[in-house]
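Following: one structure in structure tokens, then a few remarks.
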Amino acid sequence: MIVKMRKLHLAAMTYDRDALLNALQRTSAVEVRAHTPLEGTNAPVQDSEALRTRLAQAEGALSALSSAAERYYKEHKIKTDDLKDGFEVSYTQFMKAGEERAEYEALIARITSLTEERSRLTAERDRAQRTALGAMPYEKVKLPRARFGESAHTLVRLGTVALAVKEAFCAAFSALPLAAEAGYVAGDRFVCAAAFHKSVSEEAEGVLSAYSFQPAPDFGEETGEEYVLSTQRAVLELDERLIENENEIAGLLPKVRPLKVYCDYLGYELEKSELSGELLQTERTFLLEAYVPAGAEEAVRGAIEEVTQAAYLDYEDVPEDEIPPTLLKNNPVVDNFEAITNMYTPPNAREFDPNTVMAFFYSLFMGFIMADIGYGLLMAVGGAFLCLRIKRKGTGLKRLSGVFAVSGVFTIIWGFLFNSFFGMSFAGLPTVMPDSMDARWTIAGIQIPSVLVIALEIGVLQLFTGYVCKIVQCWRRKQILDGIFDGLVWAIFSLGVGLAIAGLVKEANISILATVGGITAGVTLVIAILTAGRKEKILGKFTKGFGTAYGVINYASDILSYARLYGLMLSGAVIAQIISQYCIGADVVIGGSVAPTGFLFSGNVLFIVLGVILLVGGNLFNLAIGLLGAYIHVARLQYVEFYSRFYEGEGELFAPLGSKHKYVYLAPLGAGAGKKNVSA
């Protein structure tokens, strides 16, 4: 159901504003809106940039600390929930973060400093490592680098060439007049000292360049051996400093969760600061307008009176021309299905909540598509396990797992009706539904798959329910004639269509239903055509009536849309049956007399292993692909076929002050709103 909203008007002293906003946030039952402009008031100038900067710095420090924690826990194989979001904190713990601001700001500064130091040390270490690697070939050079230089008449070049061109390089260089070289092999490089007279320097430099001669680094008065050792020491020193840095960061890892609380607290402070800039004020007072769920008024009043007695507040019903935010209040089962509706568009507060009806049909359709006891058990148990394991309330995965768990129960029921357990059947269990692959019914002389007819009848049932919802929607708004002609007439028409389809099935032998259904559908269609333009002028009446008659074609295509239920169900059933035939045996019935002949009972170890892989992997794949298809196509049927009959949507979900938390779930103190923290 959608909770009725009341409108709160509050006037209080400006110096109480911050404390009052905190009190309203504590109730989790107040959504503040920008105040309607009033003469004699103004909106205060509010600069939130400093808070926004502090929040960005805190988020950056948290990201760095979380990344370090992930690395540390992974390297040390530590299992912990410290990095998971959505943990619950009390209101007292949440507000205490503001009291400990100095400690948190010091922590953020320390994390930032350590992070910057780590980045700097890592860059230095990479450079030192490259230098050390470049020095390695000169380990056997016993002279200082300064000895390889220039004299009055000669030049000496110390460096390396690739070992692959050593012979060619030596031959080319030695062929020069007044030039010689000497060296040794180091890995894949040839280290050499190339000496030549200045008179042939141009030719010598040309040879060096041609063979990609790489000059040695300048290690000054050190020998090559000393230089290599000094570069290695530099790497080791930087490694030690990085370890020290890592240990310091590791000591801060327990601060991840408290820092998340502080980040969310700063987010609330920023929200409050930006909101304060939208509240009207006079010289000494401020004005506030907000939405409060019906039933929470006294709790909100009490929270305000705890702060100050110098405040005026009043409640009124939300004006008819104003659309308040939507607060949904459903039982835990239906609550999971709200996410599916909200993906399309949340209901607006002026219509009735469709989630209960939609949840039934969604589960019915998904169960029909999967239609297997084994798959239903996996869905119910697996979905319930995930739903209970995920602590953060209201998350998409938690709600989705709840949807699968509920749909799993319907899948089990359909599985019993079709007598299917992972593609096999139980001996002695009556098969209520016709065989999904082979059974055919005759309609107007045409053989049609029986289960396809059933899928279409289920579709007619949902369309009928959609028009009933239209009746409820109109009559709640005192639109009696609209409810009759736009809802009741079409609901009876749908009933007639459903009866006619059933009566046309030759094997059912109830042809009287075809007559009754046809007459019912025909009469109601005439009524719908004649009343479609009741609010229009003469030409409008004609065009509306013609449009209604033409719309029967669309109605027929809507019914055919439900054929996708049969298609998805058939594909899953065929795959499950093939898997069972290969793994167990083609003719095996659970509890029957036929001996298993599949891979698992072949006596061949290789076939047994293959059978296990196929049985487990194949069924898991079939379940996963079936759930994906069912999730998408069943949602499509709700949005396009069902909701188009009555649903308006375009609502805005109720978002209490201070409820937009990124990391934590703030446990509400209970304000009588009858609903959990909707933003968690």
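The values are calculated or read from the model by the stated rules, or taken from the named source; none is laboratory data. Since the model is a prediction, treat every value here as computed from it, not as a measurement. Note that we place each Cβ from the backbone using ideal geometry, even for glycine, and neighbour counts take in every protein chain shown.
Give just the number: which of (1) under 17 Å from residue 577 (Cβ atoms); (2) touching a Pro at 6+ places or on another chain (Cβ under 8 Å) does residue 440 not satisfy?
The failed condition is (1).
Return yes when residue 488 is closer than 17 Å to residue 461 by Cα, part of a helix (DSSP H, G or I) and not charged (D, E, K, R) and no when it is not. So that I can check it myself, show each step before the final result.
Working: closer than 17 Å to residue 461 by Cα: yes; part of a helix (DSSP H, G or I): yes; not charged (D, E, K, R): yes.
Yes, satisfied.
Tell me, which residue of the range 40-91 that is hydrophobic (A, V, I, L, M, F, W, C) and surrounded by fewer than 13 Cβ atoms within 10 Å (Cβ to Cβ) is modelled with the highest pLDDT? Steps first, please.
Looking only at the range 40-91, we keep the residues that are hydrophobic (A, V, I, L, M, F, W, C), and these are 43, 45, 50-51, 55-56, 58, 61-62, 64-65, 68-69, 78, 83, 87, 89.
Of the ones still in play, those that are also surrounded by fewer than 13 Cβ atoms within 10 Å (Cβ to Cβ) are 45, 50, 56, 78.
On the way: 45: 61, 50: 89, 56: 94, 78: 85.
Step by step, filter the range 40-91, then rank; the result is 56.
Scan the range 392-413 and give yes if some residue there is assigned to a loop (DSSP other than H, G, I, E, B) and without any contact (Cβ under 8 Å) to a residue 24 or more places away in the chain, otherwise no.
Checked against the condition, which is being assigned to a loop (DSSP other than H, G, I, E, B) and without any contact (Cβ under 8 Å) to a residue 24 or more places away in the chain, the range 392-413 yields no hits at all.
Considering the range 313-341 alone, what residues qualify as being surrounded by fewer than 18 Cβ atoms within 10 Å (Cβ to Cβ) and assigned to a loop (DSSP other than H, G, I, E, B)?
318, 319, 320, 321, 322, 323, 329, 330, 331
What pairs come out if I take residues in the range 190-203 that are assigned to a helix (DSSP H, G or I) and pair them with residues that are surrounded by 16 or more Cβ atoms within 10 Å (Cβ to Cβ) and of a type in the set (A, V, I, L, M, F, W, C) whose C-beta lies under 7 Å away, six or more apart or interchain?
198/155; 200/176; 200/179; 201/155; 203/176
Among the candidates 630, 576, single out the residue that is assigned by TED's automatic domain parsing to the domain that holds residue 360 and more than 30 Å from residue 556 (Cα to Cα). Steps first, answer last, please.
Values: 630 fails: more than 30 Å from residue 556 (Cα to Cα).
Residue meeting the stated conditions: 576.
Could you grab me the full set of residues in the range 434-453 that are of a type in the set (A, V, I, L, M) and touching a residue at least 60 places away in the same chain (Cβ under 8 Å)?
Residues of the range 434-453 that are of a type in the set (A, V, I, L, M), as a first pass: 437, 439, 443-444, 446, 448, 451-453.
Answer for the range 434-453, where residues must be of a type in the set (A, V, I, L, M) and touching a residue at least 60 places away in the same chain (Cβ under 8 Å): 437, 443, 444, 451, 452.
Pairs under 7 Å by beta carbon, first residue not assigned by TED's automatic domain parsing to the domain that holds residue 418 in the range 363-389, partner modelled with pLDDT of 95 or more and surrounded by 20 or more Cβ atoms within 10 Å (Cβ to Cβ), six or more apart or different chains?
none
Select from the range 185-221 the residues that are of a type in the set (Asp, Glu) and modelled with pLDDT under 90 and write down the one among them that is farthest from residue 160 (Cα to Cα).
Step one: filter the range 185-221 for residues of a type in the set (Asp, Glu), giving 188, 202-203, 205, 218, 221.
Still in the running and modelled with pLDDT under 90: 218, 221.
Values: 218: 14, 221: 20 Å.
Here the residue is 221.
Hey, can you tell me all the residues within the range 274-301 that are modelled with pLDDT of 90 or more, surrounded by fewer than 18 Cβ atoms within 10 Å (Cβ to Cβ) and part of a loop (DSSP other than H, G, I, E, B)?
294, 295
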